[in-house]
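This report refers to the structure that appears directly beneath it.
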Amino acid sequence: MTDRAVFAIEVALVAFAFAIHVVRLSKKRLLSFKYTIGWMSVCLFGIFASPLVFLVTPLAKTLRLTPTALLVAMSTIAVAVILIQLSVSISGNQRKMETLVRENSLLRESLGISMKDKKSEEA
Amino acid sequence: MVIDDGSSDETSYRARAAGASVLELSMNLGVGGALQSGFNFALRHNYEAVVQIDADGQHPADEINNLVDQANATGADLVLGSRFLADSPSMYVSITRRFAMGILKAVASQACRTQISDSSSGFRLIRNPLLSHFAKSFPSHYLGDTFEALVISGRRRYKIVEIPASIADRKHGQSSASSKVAILLIFRALIVTTFGLHFQLPKKVVGGAD
């Protein structure tokens, strides 16, 4: 078995292990359906694209890079894209949460309900 | 109107007991977030304008009438109470902070096309249609609610007028930022306004509905 074939199998195995971890997280409700689908797609891409590792060397030569440098660059770009997308998602959620807090306070004010009074009554 | 920005003390209870309307935010949203809540409250109760005043007692409440009179006389969208236009300003400002505030002043004056002496004043009147826009989108970080809101309003052609406002020693609490932190935050505000990283504000439509 050639080195490339071994490397392809290793990539596929890592992607498969990652997919199992994603499914576990999803079952524990630690990952929403949207992100489960996203990460499963990444894993499936890793599994099915692993036979294409033989393309890395010629592509790296064309770009005048070493294969390692090419893989590191591609991985870094992928991680950066994912992080930006997550930052956008978190920023949106933060805005929604602030709006919810504001609307909640306005509603309580209009209904004459106070959080603090309720807390003191409970105490 | 008292806005309790996620405090853990008895602010809301005591304010309500004293007869004030109280908005209780279940978590701390920062000064801008609290102000935005007040703007929304004002709009829902059909107020034409709001007056923003710091809670530390530095501005005499009876000077609110000066802001209202000036807004009515000039038709301004935003009236600023300046701590540096009064006959005998008694506010101490360190040299480094004075330098940074000078830069803010220059940027604000250029954006508003009028001389602004106190771009970070927390004593101001805001009226419609600017009030409606601020209710939808308003920065929540330090200097966002004062300097950034002022600069963006000026750039969008809203009329801004400044009048003298007296300043007294702070009666409660302390400044939320030390001099060093304040200077860093001032540079952040400058970056935000220079590169247009601020909230969106529609341009004022002159001579028609906005």
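In debye, nearest 20, what is the charge dipole magnitude of the range B:1-47 about its Cα centre with +1 on Lys and Arg Cβ and -1 on Asp and Glu Cβ, if you could check?
The calculated dipole for the range B:1-47 is roughly 200 debye.
Need one value for B:28-36: mean number of C-beta atoms belonging to other chains within 10 Å of its residues' C-beta atoms. Mind showing how you got there, number by number?
Working: counts 1, 5, 1, 0, 1, 4, 2, 0, 3.
For peptide B:28-36, the averaged partner shielding equals 2.
Please work out how much length the chain gains when fully extended from A:K27 to A:L13, using 0.36 nm per residue of separation minus the C-alpha to C-alpha distance, in nm with one decimal.
Numbers: separation 14, 0.36 × 14 = 5.04 nm, distance 2.12 nm.
So the extension gain works out to 2.9 nm.
Would you mind giving the three semi-axes, in whole Å and largest first, of the ellipsoid equivalent to chain B according to its Cα gyration tensor?
Working: eigenvalues 113, 97, 66 Å².
Equivalent-ellipsoid dimensions as semi-axes: 24, 22, 18 Å.
Treating only the Cβ of Lys, Arg, Asp and Glu as charged (+1, +1, -1, -1), what charge dipole size does chain A show about its Cα centre? Round to the nearest 20 debye.
Numbers: 15 positive and 8 negative charges, 16 e Å.
Taking the Cα centre of chain A as origin, the dipole is about 80 debye.
Across peptide A:103-110, how many C-beta atoms of other chains are within 10 Å of each residue C-beta, on average?
Mean inter-chain Cβ contacts per residue within 10 Å come to 5.
For a paramagnetic label modelled at 7 Å from the Cα of A:I113 toward its Cβ, which residues of the range B:32-67 fall within the zone defined by backbone nitrogen distances under 13 Å?
none
As a footprinting exposure proxy, order B:L143, B:L185 by other Cβ within 10 Å, with the fewest listed first.
Working: B:L143 24, B:L185 18.
Final ranking by Cβ density, sparse to dense: B:L185, B:L143.
Would you please give the FRET efficiency between A:Q85 and B:T114, computed as 1/(1 + (r/R0)^6) with r the Cβ-Cβ distance and R0 = 41 Å, to the nearest 0.05?
0.45
So, R0 is 45 Å and r is the distance between the beta-carbons of B:R156 and A:I20; what FRET efficiency does that work out to, to 0.05?
Computed FRET efficiency for B:R156 and A:I20 comes out at 0.25.
Over the Cα atoms of the range A:68-123, what radius of gyration and what Dmax do you get, in Å?
21.8, 65
Only Cα pairs under 8 Å and at least 6 apart count here; give the relative contact order of chain A as a rounded whole percent.
21 percent.
Set the bar at 21 Å for Cα to Cα. Now go through B:K159/B:K203; B:K159/B:K180; A:K96/B:K136; A:K28/A:K96; B:K136/B:K159 and name every pair that lies beyond it.
Over 21 Å apart, Cα to Cα: B:K159/B:K180; A:K28/A:K96.
Taking the Cβ-Cβ separation of A:Y35 and A:L100 as r and a Förster radius of 35 Å, what is the calculated FRET efficiency to the nearest 0.05? Mind dumping the intermediate values first?
Values: r = 21 Å, r/R0 = 0.61.
Rounded to the nearest 0.05, the efficiency is 0.95.
Could the peptides B:29-36, B:76-83, A:47-54 be put in order, highest first, of the mean number of other beta-carbon atoms found within 10 Å of their residues?
The densest-packed peptide leads the list: B:76-83, B:29-36, A:47-54.
Given q = 0.09, 0.13, 0.16 Å⁻¹, what are the Debye log10 I(q)/I(0) values for the protein assembly as shown, with equal point scatterers placed on the Cα positions and solvent ignored?
Reported log10 I(q)/I(0), two decimals: -0.66, -1.00, -1.36.
If each of B:F99 and B:A61 carries a label point 7 Å out from its Cα toward its Cβ, how far apart are those two points in nm?
About 4.0 nm separates the two model spin labels.
Normalized C-alpha radius of gyration of the range B:1-47, against 2.2 N^0.38 Å?
1.11
Could you please rank B:L23, B:L197, A:L25, A:L70, placing first whichever residue has the fewest other Cβ atoms within 10 Å of its Cβ?
Lowest count first: B:L197, A:L25, A:L70, B:L23.
A short reminder: the numbers here are calculations on the coordinates, not readings from a lab. Every value quoted in this text rests on a predicted model; they were computed, and no experiment measured them. All Cβ positions, even for glycine, are placed from backbone atoms using ideal geometry, and neighbour counts span all protein chains on display.
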